[in-house]
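Peer 1: Here it is, the structure, as structure tokens.
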């Protein structure tokens, strides 16, 4: 069984950062930190990172009393990504390998939380990603799966990234596509509001997983979502948490992600920074 | 009272790294991690980072059964720094502001654990440091203190860095100087062997603090060392841990350090990367 020791210091850091976003009260930061440390001291470290993350952020919400510590950050992501959308859309439309570029852009959008300084920094990181080759490249299989599928779920990841997802969605057979968001706030994950900010609701149907967990933990999703999921032919999965949680999916999944940390690097066998279409 | 919340995720990460240097046994990594998490959940976070670090590394040593997890790393630091010494010594001797450059070099040596890739990387970082101005610059006071002092303790920091300390020591009134190392292994701190590797024992007297703690916690040092300390006129203190632990020193202290983390940045009021002569 895999052990996710590296996730512990990372999530302890996240808990501290999140509690600071929730409140300026240092006593609350400390209480939250202690609860998270205690929980990690006792929990199994063989649980997938998304579950350890869920545990962490559940404690942060409870101890800080703030249901959405990342609210302001998500607004900022939407603003930055929104300001880049027209320019990127225009560039994509001029490209020869437009579909491939749109996929890379959707993956590149996943780094917005790493480079939140300003739109220019995000833009440069995106340009860099567009010039990269896929470390795992199942482009042809993806094309074929899109053609043969009648019902496609596109599972989004973070707020802001939704604008980049929109660019890819516009290259897909939109009549078959449903976009999936979280039922409520968890970390900086996209909710219905973030899909709406990017105008995705005007293009395709938007549904929620029916819970507020990182990734797509089918056992914690609503019955309605599970039915949607199981009746689909193809899942397009964005980001690391969905990659982890949809590994054993009963439905065909195409994973789009950027390798952001040592744990996923070890799992994919690809270096940090790689972009994967698998 | 200051609270050192930021040190928690950092030291949890250090505990994991150190346990991996001590053994490849993942069960031991996990047990060590849990013990450290438990200890942080319960300890006061108002203790100075050096004390939190001491707690952390005491647990790592006990749980892994390895008295010196950083042994190999320290050998490597000594090798890299040793290979750079002749070149740097030659450059310093040609410089007009030789004393100031030697101080900067001694501070720059403190980054060797951040850039352990190879000698070239270390060399470039050193060149960068030499071109920087001091963020806090008490050079004149330092000169005066050296002249009026009869007994000077130079408290070293890390293995490898000892070679850079040697360059500064060679610019000091050596007959007055005693070099101070740790009584035994703690993190990558210099012990007698590391002073010897740099040949410091041939230039000045080398003594130990009589314990294996980060920084210089006078309450945990030997009686002999405390007497040496209290009978000195001037302390030259290298690095962050000594900066923290010698804040309330009864003897005049000159601090030489590079700001490496947010906690010390907040405390000094200077950005990360700053070099300080205070």
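Peer 1: With contacts defined as alpha carbon pairs under 8 Å and 6 or more residues apart, what's the relative contact order of chain A in percent?
Peer 2: Values: 468 pairs, mean separation 52.0, N = 278.
With pairs under 8 Å counted, the relative contact order is 19 percent.
Peer 1: What's the angle, to the nearest 10 degrees (0 to 90), between helix B:139-148's Cα axis and the longest principal axis of chain B?
Peer 2: Tilt of helix B:139-148: around 80 degrees.
Peer 1: A further question on this structure: Taking the label point 7 Å from Cα in the Cβ direction, how far apart in nm is residue A:25 from each other copy of itself, listed shortest first?
Peer 2: 4.4
Peer 1: How large is the helix-only mean residue ellipticity at 222 nm for the protein assembly as shown, computed as the sum of -39500 (n - 2.57) over DSSP H runs with n ≥ 4, divided by its residue count, in deg cm²/dmol to the nearest 500?
Peer 2: -16000 deg cm²/dmol
Peer 1: Along the Cα→Cβ direction, 7 angstrom out, place labels at residue B:71 and residue B:38. What is the inter-label distance in nm?
Peer 2: For residue B:71 paired with residue B:38, the spin-label model returns 2.7 nm.
Peer 1: A follow-up question, please. Using a 7 Å offset from Cα along the direction of the beta-carbon, what are the separations from residue B:128 to the same position in each other copy, nm, ascending?
Peer 2: For residue B:128, the inter-copy label distances come out at 1.5 nm.
Peer 1: Given Cα positions, please report Rg to Rh for region A:72-277, the hydrodynamic radius being the Kirkwood one.
Peer 2: With Rg and the Kirkwood Rh in hand, the quotient comes to 0.92.
Peer 1: Show me the ranking of peptides B:141-151, A:50-60 by mean Cβ neighbours inside 10 Å, starting with the highest.
Peer 2: Details: B:141-151: 13.7, A:50-60: 22.0.
Ranking the peptides B:141-151, A:50-60 by packing returns A:50-60, B:141-151.
Peer 1: Provide the gained length on full extension for the span residue A:138 to residue A:97, in nm with one decimal, where the gain is 0.36 nm per separating residue minus the Cα-Cα distance.
Peer 2: Taking residue A:138 through residue A:97 to full extension adds about 13.2 nm, to one decimal.
Peer 1: Shielding of A:38-50 by partners, i.e. mean partner chain Cβ atoms within 10 Å per residue?
Peer 2: Working: counts 5, 2, 8, 10, 4, 2, 1, 5, 1, 0, 0, 0, 0.
Partner-chain Cβ atoms within 10 Å, mean over residues of A:38-50: 3.
Peer 1: Which distances in nm, rounded to one decimal and ordered from shortest, link the label point of residue B:3 to the equivalent label points in the other identical copies, with labels set 7 Å from Cα toward Cβ?
Peer 2: Label-point separations across copies, in nm and ascending: 3.2.
Peer 1: Here is a follow-up. Would you mind ranking A:211, B:44 so that the residue whose beta carbon has the fewest other beta carbons within 10 Å leads the list? Don't skip to the answer; put the middle values down first.
Peer 2: Numbers: A:211 17, B:44 11.
Sorted ascending by nearby Cβ count, the order is B:44, A:211.
Peer 1: While we're looking at this one, here's another question. Over all residues in B:12-24, what is the mean tally of Cβ atoms on other chains that come within 10 Å of each residue's Cβ? Don't skip to the answer; put the middle values down first.
Peer 2: Working: counts 8, 6, 1, 2, 4, 2, 0, 1, 1, 0, 0, 0, 0.
Counting other chains' Cβ atoms within 10 Å and averaging over B:12-24 gives 2.
Peer 1: On to the next question. Between residue A:127 and residue A:205, what is 0.36 nm times their sequence separation minus the Cα-Cα distance? Round to one decimal in nm. Spell out each step's value before the answer.
Peer 2: On the way: separation 78, 0.36 × 78 = 28.08 nm, distance 2.97 nm.
Taking 0.36 nm per residue and subtracting the Cα distance, the gain is 25.1 nm.
Peer 1: Would you work out if region A:94-197 is rounded, prolate or oblate? Take a ≥ b ≥ c from the square roots of the eigenvalues of the alpha-carbon gyration tensor; rounded if a/c is under 1.5, else prolate when a/b is larger than b/c, oblate otherwise.
Peer 2: oblate
Peer 1: Compute the helix-to-body angle for B:71-94: its Cα long axis versus the longest principal axis of chain B, expressed 0 to 90° and rounded to tens.
Peer 2: Computed tilt is about 20 degrees.
Peer 1: Also, I was wondering about something else. On C-alpha positions alone, give me the angle between the axis of helix A:98-108 and the longest principal axis of chain A, in degrees, nearest 10.
Peer 2: Its long axis makes an angle of about 10 degrees.
Peer 1: I would also like to ask the following. Take every residue in peptide A:27-34, count the Cβ atoms of other chains within 10 Å of its Cβ, and give the average of those counts.
Peer 2: Rounded to a whole number, the mean comes out at 3.
Peer 1: A further question follows. Arrange the peptides A:229-242, A:66-79 so that the one whose residues have, on average, the most other Cβ atoms within 10 Å appears first.
Peer 2: Result, highest mean first: A:229-242, A:66-79.
Peer 1: How fast does the protein assembly as shown diffuse by Stokes-Einstein, in µm²/s, taking the Kirkwood radius from C-alpha pairs at 37 °C and 0.692 mPa s?
Peer 2: In µm²/s, the coefficient rounds to 126.
Bear in mind that the values in this text are calculations on the coordinates, not laboratory data. Note that the coordinates shown come from a computational prediction; the quantities given were computed from them, not determined experimentally. Counting neighbours? That spans all protein chains shown, and the Cβs are built from the backbone with ideal geometry, glycine included.
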